[in-house]
1. Return only the number of the condition from (1) closer than 22 Å to Leu29 by Cα; (2) at pLDDT 90 or above that Ser76 does not satisfy.
2. Show the residue pairs meeting these rules: Cβ distance below 9 Å; 6+ apart or different chains; first residue within region 1-23 and in contact (Cβ under 8 Å) with a residue 60 or more places away in the chain and under 28 Å from Ala82 (Cβ atoms); second residue part of a helix (DSSP H, G or I) and of a type in the set (D, E, K, R).
3. Return only the number of the condition from (1) surrounded by fewer than 17 Cβ atoms within 10 Å (Cβ to Cβ); (2) within 19 Å of Gly146 (Cβ to Cβ); (3) under 13 Å from the mean Cα position of the chain (by Cα) that Ala82 does not satisfy.
4. Among the residues of region 66-78, is any open to solvent by 80 Å² or more (accessible area, probe 1.4 Å), without any contact (Cβ under 8 Å) to a residue 60 or more places away in the chain and within 30 Å of Ser99 (Cα to Cα)?
5. Please state which of the following conditions Gly50 fails to meet, knowing it meets all the rest: (1) open to solvent by 40 Å² or more (accessible area, probe 1.4 Å); (2) of a type outside the set (Lys, Arg); (3) modelled with pLDDT of 90 or more.
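The values are calculated or read from the model by the stated rules, or taken from the named source; none is laboratory data. Because the structure is a prediction, the values reported are computed rather than measured. Methodologically, a virtual Cβ is constructed for each residue, glycine included, from the backbone with ideal geometry; neighbour enumeration extends over all protein chains shown. For accessibility, only protein heavy atoms count, side chains too; no ligands or nucleic acids. Shrake-Rupley method; radii C 1.70, N 1.55, O 1.52, S 1.80 Å.
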Amino acid sequence: MLVEDAQACVEALSAVNPSLPNPSEDSDLWSGTWSFATSSLLSSALAAEGSVVLSESGALELTCELTSAESSATLSVQGQVAAADDTVLELQCERIALSSEALVAACADATGLSLAEAGGEGGAAAPLPSLKLAQRYLDQDTHIVGALVEGERRDPP
């Protein structure tokens, strides 16, 4: 959810991406510790600040502080990232934990995802969905990705 000027900037960076034609092969660049701060992680009503630690083997650990007008919470995600294509990474979440019930409902509303407690009905949680990320720009200091949404023409960074 970028403003028009920011979207134009990302498009210009994508055109001169130094890791093309195959940024997925550059695991030494996309691995490491990345920090982020955003108000558009889930919706404009939520703000997030956190870090992503990604090993060259693809192990991912994300920690994020979420805040809204009503409450705050901590989100943690563990999973695996692998190359799905020359310019696409696929994230398979293995564990997601959100510390606040109020924000669980807000996240579910903002993303359209159905969230359930681990070990829900029947004692087993449903498998977590995977997410494909288009690598829009990658260098030593910056990694811009956009979620690939099935049926959409463009991937938002």
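1. Failed condition: (1).
2. Final answer for the pair search is Ser19/Glu25.
3. The one condition Ala82 does not meet is (3).
4. Yes, region 66-78 contains a residue that is open to solvent by 80 Å² or more (accessible area, probe 1.4 Å), without any contact (Cβ under 8 Å) to a residue 60 or more places away in the chain and within 30 Å of Ser99 (Cα to Cα).
5. For Gly50, the failing item is (1).
Conditions tested, residue by residue: (1) in contact with a Ser or Thr (Cβ under 7 Å, 6 or more places away or on another chain); (2) modelled with pLDDT under 65; (3) charged (D, E, K, R).
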| position | (1), (2), (3) |
| --- | --- |
| Glu70 | no, no, yes |
| Ala97 | yes, no, no |
| Leu113 | no, no, no |
| Gly122 | no, yes, no |
| Leu133 | no, no, no |
| Val149 | no, no, no |
| Asp155 | no, yes, yes |
